[in-house]
Structure formats: C-alpha cells, structure tokens
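FYI, it's all coordinate maths here, none of it is from the lab. Please read these numbers as outputs of a predicted model, since none were measured by experiment. Note that each Cβ is placed from the backbone with ideal geometry, even for glycine, and that neighbours are counted across all protein chains shown.
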Amino acid sequence: MAKKTKAKKKTARPIKVTPPTAAQADSLALLKQLSEAVAVSGDEGAVRKIIREAVTNLADEVSVDAMGNLFAIKHAASSRAPRVLVTAHLDEIGFMIVGEGKDGLHSFEAVGGIDDRILLGKPLWVGENKINGVIGFKPIHLVKQNERSTVVKIDSLKVDVGANRTVKAGDRATFATPFVDLGFTVRGKALDDRAGCAVLVEILRGKYPVELIAAFTVQEEVGLRGAKVAGYTAEPDAAIVIDCTPANDLPSQDDEVENSHYNTKLGHGPAIYSFDRGTVSDKRLIKHLAATAESKRIPYQHRQPGGGGTDAGAIHLTRGGVPSVSVSVPGRYLHSPAALMSKDDFYNTAKLVRVALESWSPKVLKR
Ligand SMILES: [Zn+2]
C-alpha cells in the first residue's frame, strides 16, 4: 500500500459574513419581494400593494392619492412639530408593449432610461402575471460582419412571448431577474428604487419628534411626476429623498490604480447628495446627515456632484420651496437586468435616516 503523503493544501480563507439581525433579515426578505414584482412607471400597483400591507401596522394613517402615491404618516406628539417628508419611488424602468403582432411577437418601447446595447436576448416578465418573454434577435450564425459593430435600436426589435395570447398593447414588462443574496451583496432588478422603498418601510418602525410623512411615489423614472404632487400635498418643512444611485466604481482603462471617475463606491455607506442635475441639496440638511453619521459612527460618503437626479428635483420646488436632500444606497449596473448592492450600505442607509430623524430639532433648519 502506498504511503499517504500529507501535502499541506493551501485553501482560501472563507470570508465571514456577519449574520443579519432579525430586523435586517425581514428587510431583506421585503426587498426580495419588491425587487421581483413588476411595477413599471404608471403601473405601480403590484409594489404599492406589497408596501401597503407592510406599513399598515407601522403608521397612524395610510392613504393613496389620485396619482397613485402611497402615503404613510406617523404623527408627532406635538401639533407644532416640524413636518418631514421622506420619500422613495415605487416605479422602475422597463418596457411597454405598443404593437400587438402575430405569433406572439410584439413591438415595444422603453419606459425610462434604458441603453439599447443591453437589450438583445434578454428574458422579460410581461404584465402583472409575469408572462415569460424574450427580446428576439438574430443569432450570431447569421449576423454579417458589418452588423457586429452596430447597436440594434429598440424600434427594430420584438418581444417574443411564444404562443401566449394574453399579452396586449399597454402591458408593461421588466427584465426577468430573480433576486439573489450573494453574501456581502445582493443582486436583482429594480434595486433602484426598491432598496429605497424597503429602507423607508424600515424607517417607519421608529418613533420621532417630527410629523413623519412617508411617501412612496409613482412615475419617478419618467420625470418625477408623482413627487411633484406628493410634495405639494405633504406641505413639508423639509424633505429627505431615498434612492439608489449608480456606483460606477469599477476600474476603467485610464485608471492605473483605482477608478477616479466613480460616482459612489459600493460598501462605503449611504451616499449624501450635494447637487445633481435637478437639485442643489440644502446645506443644513447635508450637515445634519453627515454630523449624525459621524456621531453614531455610521459609514457614509458624499456622492460626486453632477448628473442624475431624484424626486428631490420636483419636491424642493413645490409651494414656497422645500429644503431637500437626497440619500442613496449605491448600486452597480442600475437600469439593467441585474444591479448589485452592498447589504451593509442598505442597512446603514436606514440607520442613518432613522437616527437623523430621531435627533431632529429646530436647530437643524436654523440659518
Ligand atoms: Zn431611482
């Protein structure tokens, strides 16, 4: 019998993931449900229903307005307490069937910002019943050399739902992406802004010295339309908008060491906005959030100023003006079939806003 040699095998040390608390596990389970629901702008019912159920026992008042915005209000003990509006948007980017074709092949359009380069061959969920479809395309065997370097535009493509006959014009569709827990991160569609929605539900679990008006808004991805109305109705003294912002933190070709063109970085905490295309954040609110994070040792980052925008773009211009700030969970590959987000960033965004509301005083808005 051959002698067994004990060769020392080099094994990679497993990375330890801290087990979630019960509240964090609940929050993640809600996020999975929200991420897998189909709720493209203007057709947010499926997500609104899930959130309505989740907030009914957490808020003093729950209502839906004419636009479809869902409000959940937690009253302050004093009627003179400041009114703080905290929002997250219900809708997601996706598609709308625009022409019913023969044999289950339908023409479609994008709802919200989607890059034509990511469309070919992607599986879709069509309509509330999540009929399985695929964006049809010519297989590589038949693609001519000169076609390989051109982007196929959406108007020349079709959604193929096979023999299904229930799909009709006006139906919405999303990428068909199951939500997956990857340990440190999660992957799923529509984390923009289902992450914000789950964070806002978590915020409703707290007790605050302010009149808290939580608004889950509709139609953000097509021009902040729900927020325009929600901001007016809420008549707030200040607003905090919770969204999911592109991380864009991967190394690029012109970076030797690290990406110097990042917007935010995954795992570096909630991102506080200073300004974007639609809003200049209120300096007092930026200061309050940053000071809160520092005093409670919650990691945070400042989002790089520039492009993009949130519901704050509409809210800060309602009535006589509303001091506003946005806070986002950073997410890679937004507006695509699969976005990636750090679980710690997600938990810390809820923690930061909760503590900021708990410690709210008239000093926050003092000039
Ligand atoms: Zn968003």
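Fraction of C-alpha pairs exceeding 30 angstrom in the chain: 41 percent, rounded to a whole number. For a 30 Å ceiling on Cα separation, which of these pairs sit above it: K228/K366; K102/K122; K49/K296? Violating the 30 Å Cα-Cα cut-off are K49/K296. Computed 3J(HN,Hα) for the stretch 166-172, one whole-Hz value per residue from the Karplus formula 6.51 cos²θ - 1.76 cosθ + 1.60 where θ = phi - 60°, is 8, 6, 9, 4, x, 5, 8, glycine and proline marked x. Each principal axis of the Cα cloud of the stretch 58-175 was taken in turn, and the coordinate range along them, longest first, works out to 71, 33, 20 Å.
Largest first, the three principal axis extents of the alpha carbons in the stretch 218-346 are 48, 36, 25 Å in whole numbers. Could you give log10 I(q)/I(0) at q = 0.14 Å⁻¹ for the stretch 270-367, computed by the Debye formula over C-alpha point scatterers of equal weight, without solvent? For the requested q values the scattering log ratios are -0.55. Each principal axis of the stretch 87-238 carries a Cα extent, and these read 65, 37, 30 Å when sorted largest first.
Beta bridges from DSSP with both residues in the chain: antiparallel share about 65 percent, rounded to the nearest 5. Note on the chain: with a GNM built from Cα contacts shorter than 10 Å, the maximum mean-square fluctuation among I272, I140, I50 falls on I140. According to the Kirkwood expression over distinct Cα-Cα pairs, how big is the hydrodynamic radius of the stretch 204-245, in Å? Hydrodynamic radius (Kirkwood, Cα only) of the stretch 204-245 equals 11.7 Å. For the chain, the relative contact order comes to 21 percent (Cα pairs under 8 Å, sequence separation of at least 6). Which FRET efficiency value, to the nearest 0.05, is calculated for I154 and N132 with the Förster distance at 25 angstrom and r the Cβ-Cβ distance? So the FRET efficiency works out to roughly 0.80.
Remark on the stretch 111-171: hydrodynamic radius 13.1 angstrom, per the Kirkwood mean of 1/r across alpha carbon pairs. So what's the stretch 176-282 giving for Cα Rg divided by 2.2 N^0.38 Å, two decimals? With N residues counted in the stretch 176-282, Rg over 2.2 N^0.38 Å equals 1.28.
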